[in-house]
1. As a test of the formula, what do you get for the chain when each DSSP H run with n ≥ 4 contributes -39,500 (n - 2.57) and the sum is divided by the residue count, at 222 nm and rounded to the nearest 500 deg cm²/dmol?
2. Given a cut-off of 23 Å, name the pairs among Lys222/Lys376; Lys296/Lys471; Lys291/Lys499; Lys296/Lys499; Lys156/Lys217 whose C-alpha atoms lie farther apart than that in the structure shown.
3. Using only the Cα atoms of the range 164-208, what do you get for the radius of gyration and for Dmax, in Å?
4. Restricted to Cα positions, what overall size does the range 1-90 have along the principal axes? Three whole-Å values, descending.
5. Go from 0 up to the bin containing the longest alpha carbon distance in the range 441-492, width 10 Å each, and give me the % of pairs per bin.
6. Under a no-solvent Debye model with one identical scatterer per Cα of the chain, what's log10 I(q)/I(0) at q = 0.08 Å⁻¹?
7. For the chain, take the longest principal axis of its alpha carbons; what is the angle in degrees between that and the long axis of helix 169-180, to the nearest 10 within 0 to 90?
8. Report the per residue volume, in Å³, of the convex hull enclosing the C-alpha atoms of the range 411-504.
Amino acid sequence: MADFLKYLTLPYLWQGAVIAVELLVGALAGGIIIGFFLALASTSRYILIRLPVQAYIYILRGTPVLLQLILLFNVLPEFGLRLSPFASAMLALMINETAFCAEIIRGGIASTDRNQRLAAQAFGFSMTAEMIHVVIPQALRTIMPTLGNEAVGLLKSTSLASVVGVNELTMRGQAIVSQNFLFIPVLVASGAIYMIMSSALAGAQWWLESRFNVDRKAARLKKRQAEREASEEPVAATPPLAKKYSANAADVLTVDALSVDYGNVRVLDALSISVRRGEVVVLLGRSGSGKSTLLKSILALNPFAGGSIKVENHVMGYRPDGRRLSTRLLPANRARSGIGIVFQHFALFDHMSALQNAMSIPRIVQRLPHPAAERKARRALRLVGLGDFENSFPHQLSGGQQQRVGIARALAAEPRILLFDEPTSALDPELVREVNQTIRDLSQTGITMIISTHDLAFAASVADRIVFLSKGKLVEEGGPDIIQNPRTPAFTEFLRHEKEEHGA
Ligand SMILES: Nc1ncnc2c1ncn2[C@@H]1O[C@H](COP(=O)(O)OP(=O)(O)OP(=O)(O)O)[C@@H](O)[C@H]1O
């Protein structure tokens, strides 16, 4: 025991441990940074980028790190590059780590919620903003445990550096043993030092995981709110009601002969609709008739086979010469359109509180200063009756409340037009009423709205105009009374079917 303690506290061994930590930190940091870009490249649309990266990862994962280390140490001098044993070991470990980190990060990115990414794109987040604010925070939560394991494995792999002459912990232990033959106390002490280091890594992992834990975040935010509330002025409850829709109002949205194809299938067929400022248009149609596709097209989320969409004079998704905007330019085009959207499955950013969700567009897309964005977000949350829930995270809210946060998120950006894609169809029946009422209240504020729904009673109660789509074509339109008095056989049949199906 005395021998064990003597070697456990021996500075010579701890100096070896410091070298192991340096190798670990260097190789892991390089591995994560380069691995991130490799992860993106390995999923690139372009085969010339994707294939070489996939081959690189395949080879590095398939060969022992010891072999790579010896190879690198002996091959680099052939090219006139003479590195110290420490630098060679660091480089070899880092190169190996890039492949493993790339795969871990790719898995994390693939696990992020597609709906949240679609929401970010719809609101005009740039690709970088989508990465930083939506993808990375979610991916980090998924990859943290695997990355922790990887770090511990790498710590142990640093002992391989001894084969090229790096005098790290394992080599130092062996050097002592070769002189005094006290195998057990020396090697157990070396093992204990590795255990202390891996425990520190486990502690760091635990701390990081708890930083990203949304329940803990919620508790921290609530505490801060309590401290802040005493000193703050109350936010104005709701904005004043604007003028209600007038039939003489100017057009704010013009969809002109829009056609959209998915593969060989024509989903929207030369569809034309104009929407006036302040008007509430409800889209009705069977499942698959093209309602969601129309809403996505209004946000230029899919290419058009023909036709155009304008928001006042702003052309969506295309250049004046008719060519589709590049992926790099589309986000700004969407952001400038002033269109907001509320999704069927809410698509809230689940690592953000209700307030942070509502602040996301003013902050990230409109780049407003924090206080101004916060004011707008608070006002929007109060408008949908969720002023007391600003520090709740999506998983702490009911479906109806989540959808109202979704509405607040869109409203906080003060949109010119608000789109609703079947806002209540993912909700339990008892929660539908609260969301419908929120939308009805909004319809009285003068915001232009386009709502896709299967709820006929709600449609009749909120619409200034009903538009009925069938097989991607506009078949019938008119005031809410057309639900009682349809003119076309297709709409009559649709209404009969919906009433039978939903008892509407
Ligand atoms: N990304 C896609 N790829 C291929 N086909 C698609 C895609 N999205 C939608 N479709 C098809 O396009 C058609 C119109 O779909 P869309 O979602 O616009 O209909 P919808 O009227 O909104 O239906 P619902 O009321 O069920 O939401 C459907 O036949 C659908 O299967």
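1. -17500 deg cm²/dmol
2. From the list (Lys222/Lys376; Lys296/Lys471; Lys291/Lys499; Lys296/Lys499; Lys156/Lys217), the Cα-Cα distance tops 23 Å for Lys296/Lys499; Lys156/Lys217.
3. That works out to 13.4, 42 Å for Rg and Dmax.
4. Rounded to whole Å, the extents work out to 62, 30, 20 Å.
5. Values per bin, smallest distances first: 23, 56, 19, 2.
6. -0.66
7. Tilt relative to the chain: about 20 degrees.
8. It comes to 114 Å³ per residue, whole-number rounded.
Here, each number is a calculation from the coordinates, and none is a lab measurement. Computed from a predicted model, the values in this text were never measured in an experiment. As a convention, Cβ positions derive from the backbone with ideal geometry for all residues, glycine included, and neighbour counts pool all protein chains shown.
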